[in-house]
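> If you scroll down you'll find the structure; I have some questions about it.
The values are calculated or read from the model by the stated rules, or taken from the named source; none is laboratory data. Please read all numbers here as calculations on a predicted model, not as lab measurements. In this analysis, Cβ positions are derived from the backbone assuming ideal geometry, glycine residues included, and neighbour counts consider all displayed protein chains.
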Amino acid sequence: MISKQKQSELAGIDASDRQNSSKKIEQLEVAREDATGEALTTNTGTRIADNQNTLKAGERGPSLLEDFIMREKITHFDHERIPERVVHARGAAAHGYFQVYEPLSDLTKADFLNDPAKKTPVFVRFSTVQGPRGSADTVRDVRGFAVKLYTDEGNFDLVGNNMPVFFIQDAIKFPDFVHAVKPEPHNEIPTGQSAHDTFWDFVSLTPESAHMVLWTMSDRAIPVQYRAMQGFGVHTFRMINAEGKSVFVKFHWRPVSGVFSLVWDEAQKLAGKDPDFNRRNLWEDIENGDYPEWELGLQVVPEEDEHKFDFDLLDPTKIIPEELVPVKIVGKMTLNRNPDNYFAETEQAAFHIGHIVPGIDFSNDPLLQGRLFSYTDTQLLRLGGPNFNELPINRPVCPFHNNQRDALHRQTINKGRASYEPNSIDGGWPKETPPGPSGGGFESYPEAISATKIRKRSESFGDHFSQATLFWNSMSAPEKAHIIAAYSFELGKVDRMFIREREVNEILANIDMQLATEVAANIGVKPPSAPTMPAVKANDGKSQKPKTNIKQSPALSQMNLLAGNIKSRKVAILIAPGVKGADIDAMMAALKKEGAMAKLIAPSAAPVKTAEGSMLEPDGSMEGLPSIAFDAVFVPGDEAMLKAFEGNGVALHYLLEAYKHLKAIALCGKAADLADKLSLQPDEGLLKGADTAAVIGDFFAAIANHRVWAREEKAKAIPA
Ligand code: HDE
């Protein structure tokens with residue numbers, strides 16, 4: 001008998017595959033193809049003798065139509081592209097697994113949420129929304145956070161974002177919103193940006209977008225890494241337990257790394273220096289075995305509390321403040337394997353909010369209801385027909401059978417004579433499964449509905465500003481300053497003055513007067529004198545000003561969401577010929593111990609000889625991997641480093657830029673003189689010391705704090 005290891009070797013599974021294997025990874029094995037040691041052939045298996053020359057009538061003659069090899073190759077090439085996603089085109093994904101901590105049987109009968117021993121395979125795709133497939137990662141935008149859980153009861157796709165609310169309340173407005181934010185129709189400008197007239201025209205006319213636009217003007221829209229963002233299901237869902245009892249839930253993903261962001265200048269520069277910054281980090285972390293993790297959290301609202309809040313649970317422009325309903329942490333997701341092929345896996349992944357399993361159900365949120373239509377429809381175009389669930393990345397890991405047949409690119413060879421149900425010819429198979437705990441068939445929650453057919457927005461959706469104000473009030477001073485700067489930057493790029501004025505007067509003034517006044521001053525608009533907020537009706541139906549029962553929600557500020565450690569942070573260690581190896585070794589060892597990642601950066605990409613005579617292979621040059629690619633910079637101390645900086649604008653800029661971006665910088669020994677040379681005043685994040693040991697404690701503390709906010713005013717004087 002062949003051992004399991006041998007079997008995997010024969011199947012081409014290498015050691016890392018075995019370690020991180022799952023039902024899904026094993027299933028994908030059937031589709032994987034490795035050409036090592038194989039002959040080059042046509043698609044029908046004929047071995048090719050010459051892949052360099054077209055068949056021609058004579059060496060210098062015309063090409064012949066007969067050349068089936070050339071024609072097959074070029075035809076395939078001509079058809080290599082599929083339509084990119086109309087939104088969320090730019091993305092990156094990884095495999096992993098989810099595990100629940102304790103059975104959640106009181107809330108749901110979903111099998112993957114009831115067995116702590118079970119590792120449910122996942123495929124997670126992160127994305128930006130506005131830009132095309134080739135746009136930059138670090139633009140100001142919402143990030144998609146789409147999780148496909150391959151459960152034993154079918155696929156469950158939790159297709160969320162890194163922000164907990166949305167721009168619109170009703171699906172019918174989605175094409176309008178997307179047309180407005182996308183590049184303008186006449187000249188297809190701008191790419192990957194919302195800083196243009198049509199976006200601000202639409203949102204300034206659409207007060208329901210106020211809350212979400214505020215989130216996108218906050219630092220949440222420029223995450224450092226995918227692993228440093230929260231994820232949200234956004235809509236209110238239902239969970240149903242084995243007794244048929246239902247509760248409302250909101251889904252949260254909490255990054256174990258904490259939540260932190262780029263600064264705007266850094267984000268813009270990265271878009272040019274490394275447009276793949278986010279996908280590269282995700283890829284490298286997984287390759288290095290530093291697996292990104294998120295905990296799953298649930299906010300649970302009993303059925304009877306549906307109308308207890310001063311906002312509507314069905315309104316996707318509202319959060320449930322965590323101070324009202326705490327987030328219960330129930331499990332963990334780990335991403336531990338990169339795809340083998342971007343197109344086959346990431347590009348062909350078809351997420352759909354309607355991929356759902358028994359124990360979970362939809363609410364009547366009108367945005368969610370519209371999405372239930374859109375996601376199948378979009379795959380029909382993108383993936384060329386209704387068989388997209390047969391693609392390896394989309395196939396469930398549990399059996400799936402029905403009477404759907406044929407259509408483009410059908411893979412399954414269905415046996416049997418009856419492709420209808422009921423049938424008596426094939427014994428009636430495949431048959432329905434009764435719902436409930438004994439059966440396991442999907443059953444919708446039997447919600448009682450008595451209604452009038454109507455096109456109308458519920459009055460309980462009418463308060464567009466209270467939660468925007470709550471978000472604003474919950475921000476720290478630096479976060480508020482960044483929001484003001486972001487509105488000023490974006491609106492400053494809006495050509496039409498009446499749009500700027502409308503955004504300030506009709507939207508910002510109703511969120512907060514300080515916000516409106518400061519933005520107005522920055523964009524040449526007369527400051528508003530008072531909010532223009534119209535009275536709205538609250539849930540009780542009485543006309544009144546919007547209100548919320550809490551004034552601040554600390555859970556909304558990123559400052560409160562750091563992990564308190566430096567795990568997986570990226571540190572640049574600057575080196576130059578003659579550098580002292582001892583300092584470097586000490587720093588590398590300490591970073592490794594804390595789970596942080598260090599890269600050696602030299603003036604050029606050439607190897608560097610240390611004072612001790614050994615050779616260091618740099619991971620990159622100062623130009624190729626600038627400080628914007630790192631969380632912190634360490635300069636080991638001695639004359640050699642000082643000399644390397646002399647007259648070297650790139651090297652000096654390295655430190656100046658790290659300082660400007662409020663990063664932790666540690667300068668050892670002689671290198672400490674660089675601070676004076678550049679007129680950088682020491683602070684809690686700019687550290688000087690005799691050697692590594694002298695700076696390491698404060699250096700790590702500063703990295704854990706992510707930025708030296710106290711430096712921000714001073715840093716403004718540094719040229720960008
Ligand atoms: Fe999507 N959305 N969306 N969306 N969405 C798509 O589906 C749509 C919405 C989200 O990595 C499309 O396969 C409508 C909210 C993510 O493949 C499309 C409405 C949220 C992704 C579509 C919304 C999302 C998509 C485009 C309003 C957060 C990327 C390609 C009714 C909760 C998934 C595709 C991936 C993708 C439609 C609103 C998240 C066209 C009509 C709210 C993360 O079907």
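> What residue, of HIS235, HIS211, is under 21 Å from the mean Cα position of the chain (by Cα), assigned to a loop (DSSP other than H, G, I, E, B) and not assigned by TED's automatic domain parsing to the domain that holds SER476?
HIS235
> Follow-up question, since we're still on this one. Among (1) surrounded by fewer than 20 Cβ atoms within 10 Å (Cβ to Cβ); (2) touching a His at 6+ places or on another chain (Cβ under 7 Å), which single condition is LEU368 missing?
That leaves (1) as the condition not met.
> Next question. Testing GLY233 on (1) without any contact (Cβ under 8 Å) to a residue 12 or more places away in the chain; (2) within 13 Å of the ligand (Cβ to nearest atom), one condition comes back false. Which one is that?
That leaves (1) as the condition not met.
> Residue check, ALA89 against (1) free of Cβ contacts under 8 Å to residues at least 12 places away in the same chain; (2) within 12 Å of the ligand (Cβ to nearest atom), all met but one. Which one?
Exception for ALA89: condition (1).
> Further question on the same structure: Take the residues of the stretch 554-581 that are under 21 Å from HIS482 (Cβ atoms) and in a helix (DSSP H, G or I): which is nearest to the chain's Cα centre (by Cα)?
GLN558
> Among the residues of the stretch 214-230, which ones are within 13 Å of the ligand (Cβ to nearest atom), over 15 Å from GLU479 (Cβ atoms) and either over 10 Å from the mean Cα position of the chain (by Cα) or assigned to a helix (DSSP H, G or I) (or both)?
TYR226, the sole residue that qualifies.
> Give all pairs with beta carbons closer than 8 Å in which a residue from the stretch 355-383 that is basic (Lys, Arg) meets a residue that is within 9 Å of the ligand (Cβ to nearest atom) and in a helix (DSSP H, G or I); count only pairs at least 6 apart in sequence or on separate chains.
ARG371/ALA171
> Look through the stretch 2-30, keep the residues that are in a loop (DSSP other than H, G, I, E, B) and under 24 Å from TYR291 (Cβ atoms), and return whichever of them is modelled with the highest pLDDT.
SER22
> Pull up the stretch 66-86, narrow it to residues that are of a type outside the set (Val, Ile, Thr) and within 30 Å of VAL142 (Cα to Cα), then point me to the one that is farthest from the ligand (Cβ to nearest atom).
Among residues in the stretch 66-86 that are of a type outside the set (Val, Ile, Thr) and within 30 Å of VAL142 (Cα to Cα), the one farthest from the ligand (Cβ to nearest atom) is GLU80.
> Looking at (1) touching a helix residue (DSSP H, G or I) at 6+ places or on another chain (Cβ under 9 Å); (2) of a type in the set (Gly, Ala, Ser); (3) farther than 26 Å from ARG81 by Cβ, can you tell me which one SER419 breaks?
Among (1) touching a helix residue (DSSP H, G or I) at 6+ places or on another chain (Cβ under 9 Å); (2) of a type in the set (Gly, Ala, Ser); (3) farther than 26 Å from ARG81 by Cβ, the lone unmet condition for SER419 is (1).
> Same structure again: Please specify each residue of the stretch 477-522 satisfying the condition of being closer than 23 Å to PRO190 by Cα, outside any helix (DSSP H, G or I) and of a type outside the set (A, V, I, L, M, F, W, C).
Result: LYS493, ASP495, ARG496.
To keep it simple, each residue is scored yes or no on (1) farther than 20 Å from ALA586 by Cβ; (2) surrounded by fewer than 15 Cβ atoms within 10 Å (Cβ to Cβ); (3) in contact with a strand residue (DSSP E or B) (Cβ under 6 Å, 6 or more places away or on another chain).
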{"residue": "HIS661", "(1), (2), (3)": "yes, no, no"}
{"residue": "ILE665", "(1), (2), (3)": "no, no, yes"}
{"residue": "ALA693", "(1), (2), (3)": "no, yes, no"}
{"residue": "ARG707", "(1), (2), (3)": "yes, no, no"}
{"residue": "ALA717", "(1), (2), (3)": "yes, yes, no"}
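> Among the residues of the stretch 578-596 satisfying the criterion of being within 21 Å of VAL256 (Cα to Cα) and of a type in the set (Lys, Arg), which is surrounded by the most Cβ atoms within 10 Å (Cβ to Cβ)?
Ranking the candidates gives LYS592 first.
> Are there any strands (runs of 3 or more DSSP E) wholly within the stretch 276-386 with 3 or more residues that are modelled with pLDDT under 95, and if so which?
It comes to none.
> A follow-up question, please. Working only within the stretch 430-476, note down all residues that are part of a helix (DSSP H, G or I) and not polar (S, T, N, Q).
Passing the criteria: GLY436, PRO437, GLY439, GLU459, PHE461, ALA468, LEU470, PHE471, TRP472.
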